[in-house]
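This report concerns only the one structure given below.
The values are calculated or read from the model by the stated rules, or taken from the named source; none is laboratory data. Note that this is a predicted model, so its numbers are computed, not measured. Cβ: placed from backbone, ideal geometry, glycine included. Neighbour counts: every protein chain shown.
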Amino acid sequence: MSFFHDLGLAQPILKALEAAGYDTPTPIQQQSIPPLLQGRDLCGIAQTGTGKTAAFALPSLHHFATKPKARQQYSCRMLVLSPTRELAAQIAESFRTYGKFLGLKIDCVFGGVPIFSQKKRLAGGVDILVATPGRLIDLIEQRAITLKDVEIFVLDEADQMMDLGFIHALKRIDQLLPKQRQTLFFSATMPKAIAELGNRFLNNPVRVSVAPAATTAERVEQFVTFVEQREKQTLLTLKLKSEDIDRALVFTRTKHGADRVVRGLAGAGIQAAAIHGNKSQGQRTAALQAFRDGKIKILVATDIAARGIDVPGVSHVFNFELPNVPEQYVHRIGRTARAGREGVAMSFVAGDERGYMKDIERLTGVRAMTLGLPEGFRAAVAALPPPIADKKPQQSRGGRGGGHPGGGRSNYAGKKLGGNNGGIGRNGETRQRTPTPQGGWSPAVGPRDDAQAARERMPTADRAFAARKESRRDPGAPPRNYGPKKSGPGKYRNAVKRAG
Ligand code: AMP
């Protein structure tokens, strides 16, 4: 075992680490810091919560400590790109912690807040700039910053950056960076196509990996409960009341879904806040801060919060809905069990999500333990407003309010008013799901299964597209009415859409 003292880091950095209470480098830090101190490029794969930020921050700070230079106007010596605003702010905060005895100028810029003050701050130049790609491009276009003096370039959460459609911005930024620089590429997951894309930014990189890509955070205990979509709110309420929870993150697939869960919890006397892309930056920051400070114990989030957010003491992660991109599950559950602690992840799986669960288990190689429904659940569900009886069978379009467990109208608390368990399928057939002896539900035979089957027949690229498209659907919202099946290039997409 080595200590930070053995790595040859500058004294002010060691002092800051001591003040932060760190003495031993984590595995990713042990592997990354020596080659980075030699100026090598690096491609790092590390699980979330492994100390990735310090792995790139410490050697960079050492570089600035040992090679001081006067700041140039409208310029920076180091650029760190992050896919989300929260993560950018957090990375900048880490740099400030580890670099507090170095007198460096560290700044952070992202969208959703006025650009004017950012331009003013950059005018004198900064040493380290952490940015989200969109706002950085805006600032470059407005001549508030130039990248010509960048010596170290870091791409964090590289795969998500590409996923989120930042590839064009990245290519542009790459062209503006000096060819002579050190480049670091970090990611928790690294699908092959993204690794290949990453290669265009890297020059003979050292490759470090502390766990195979997409290995589920090892200390997270994983559970799954099979439950109807419309009953998930009840299940969540009971779990939050019965489990020993320090802080819990609840993930939904959509922004409206997150708001609905918060309202449902409020109705049950549980205070929670939502964080998602429809909230203003001020609201997002305030919610995260309240969660961090322990003022609220429950934060309901879309996948925007799945990555990078480092809030200590998250004891539970609830997947209210499963992500349909399996890698996202790894990021979500990685929000707990950070920095050596233990954590629990619970997934609520409706019949039409079983395929997603299988994909997740295939990716992680871990089988989540099945938990039955808790005591009092049936009584609580029985107390829900009764579902409105199905209308006359619609022969032509059964999707509406029918077989999809997320279908039907919902009231403000997210409780379904109709179209719950069963209904009328696309071809007019009746669908009824039945409880299994294990406390789960028989697999749904419904339109979404058709969609899944259609997805499985697709070429990989189309499948990814369809999955992304579907991820924007709100599982709790009434399904849309799609027209008859078309043939031709859009057929897969239509199959998925219609299934909604
Ligand atoms: P990261 O993976 O960079 O988000 O870091 C996860 C958490 O581990 C953060 O709260 C860090 O402050 C903490 N951390 C990072 N490196 C160390 C270390 N060497 N010793 C103790 N805690 C650390």
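Okay, here's what the table says:
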{"quantity": "Helices (runs of 4 or more DSSP H) contained in the stretch 1-102 and holding at least 1 residues under 30 Å from Ala195 (Cα atoms)", "calculated": "27-37, 52-66, 85-98"}
{"quantity": "Check on Arg354, modelled with pLDDT under 90 and basic (Lys, Arg)", "calculated": "no"}
{"quantity": "Failed criterion for Thr336 (all others in (1) of a type in the set (Ser, Thr, Tyr); (2) at pLDDT below 90; (3) not in a loop (DSSP other than H, G, I, E, B) hold)", "calculated": "(3)"}
{"quantity": "Residue check, Ile145 under 30 Å from Ala286 (Cβ atoms) and touching a Phe, Trp or Tyr at 6+ places or on another chain (Cβ under 6 Å)", "calculated": "yes"}
{"quantity": "Residues of the stretch 40-62 satisfying the condition of being more than 9 Å from the ligand (Cβ to nearest atom), in contact with a helix residue (DSSP H, G or I) (Cβ under 8 Å, 6 or more places away or on another chain) and not hydrophobic (A, V, I, L, M, F, W, C)", "calculated": "Gly44, Pro59, Ser60, His62"}
{"quantity": "Out of Leu184, Leu155, Leu235, sole residue that is modelled with pLDDT of 90 or more, surrounded by 20 or more Cβ atoms within 10 Å (Cβ to Cβ) and under 20 Å from the mean Cα position of the chain (by Cα)", "calculated": "Leu155"}
{"quantity": "Residue that is modelled with the highest pLDDT [pool: residues in the stretch 311-333 that are within 16 Å of the ligand (Cβ to nearest atom) and touching a Ser or Thr at 6+ places or on another chain (Cβ under 8 Å)]", "calculated": "Val317"}
{"quantity": "Hey, Thr84 more than 9 Å from the ligand (Cβ to nearest atom) and either buried (at least 23 other Cβ atoms within 10 Å of the Cβ) or of a type in the set (Asp, Glu) (or both) or not", "calculated": "yes"}
{"quantity": "Members of the stretch 238-259 found to be over 19 Å from the mean Cα position of the chain (by Cα) and not in a loop (DSSP other than H, G, I, E, B), listed by number", "calculated": "Leu238, Lys239, Leu240, Lys241, Ser242"}
{"quantity": "Residue that is surrounded by the fewest Cβ atoms within 10 Å (Cβ to Cβ), among those in the stretch 296-310 that are of a type in the set (Val, Ile, Thr) and at pLDDT 80 or above", "calculated": "Ile296"}
{"quantity": "Search result, residues across the stretch 49-70 that are of a type outside the set (A, V, I, L, M, F, W, C), modelled with pLDDT of 95 or more and surrounded by 14 or more Cβ atoms within 10 Å (Cβ to Cβ)", "calculated": "Pro59, Ser60, His62, His63"}
{"quantity": "Flag for Glu86 being under 23 Å from Leu7 (Cα atoms) and of a type in the set (Asp, Glu)", "calculated": "no"}
{"quantity": "Subset of the stretch 9-26 that is touching a residue at least 40 places away in the same chain (Cβ under 8 Å) and more than 10 Å from the ligand (Cβ to nearest atom) - its residue that is farthest from Glu151 (Cα to Cα)", "calculated": "Ala19"}
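Matching residues to (1) surrounded by 17 or more Cβ atoms within 10 Å (Cβ to Cβ); (2) within 16 Å of the ligand (Cβ to nearest atom); (3) under 29 Å from the mean Cα position of the chain (by Cα):
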site: Tyr98; (1), (2), (3): yes, yes, yes
site: Ile115; (1), (2), (3): no, no, yes
site: Val126; (1), (2), (3): yes, no, no
site: Thr132; (1), (2), (3): yes, no, yes
